[in-house]
Amino acid sequence: MMKLTPKGMRDIDAEQMLVRERAIDSIRAIFRKYGYRPLETPAMEYLDTLRAKAGEEVDKQIFVIEGDEYGLRFDLTVPLARYGPTRSAPSPTRDMQLKGYGARKSRKEGASGSSSRPMSIS
């Protein structure tokens, strides 16, 4: 008997992918028009970073891997909060503002999804 995909995962056929790619391309063009630049952060973060200031409900959404050291991000908030302060410090060659966007899959325990939204830190 053939196994189904793991819980929270699904196959996306060619027609659905073409629609998705066209939509994401349109969204990216709009972000770039307004000065946002592409940004990609790892899907895996340290578990203590994902859990920082998170409540019990959020803790249930984290997909834990490698024992209790790592987890898969469940949205782009945590990576942005980690990335922004380390990259947007004032310097003569760096802007004071980070304007980035990402269209990446995010993982929650028991669910699947993606996030595509502008990220801006002043």
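The values are calculated or read from the model by the stated rules, or taken from the named source; none is laboratory data. This one's a predicted model, so the numbers in the text were calculated from it and none came from an experiment. A quick note on method: Cβ atoms are made from the backbone with ideal geometry, for glycine too, and the neighbour counts reach across all protein chains shown.
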> Does L72 satisfy the condition of being within 20 Å of M9 (Cβ to Cβ), surrounded by 11 or more Cβ atoms within 10 Å (Cβ to Cβ), modelled with pLDDT of 80 or more and out of contact with any Cys (no Cβ under 8 Å at 6 or more places or on another chain)?
Replying inline: yes
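Give the number of residues within region 60-83 that are among the polar types (S, T, N, Q) and out of contact with any strand residue (DSSP E or B) (no Cβ under 6 Å at 6 or more places or on another chain).
Just the residues of region 60-83 that are among the polar types (S, T, N, Q), to begin with: 61, 77.
Going one step further and asking which of them are out of contact with any strand residue (DSSP E or B) (no Cβ under 6 Å at 6 or more places or on another chain), we end up with 77.
So the answer is 1.
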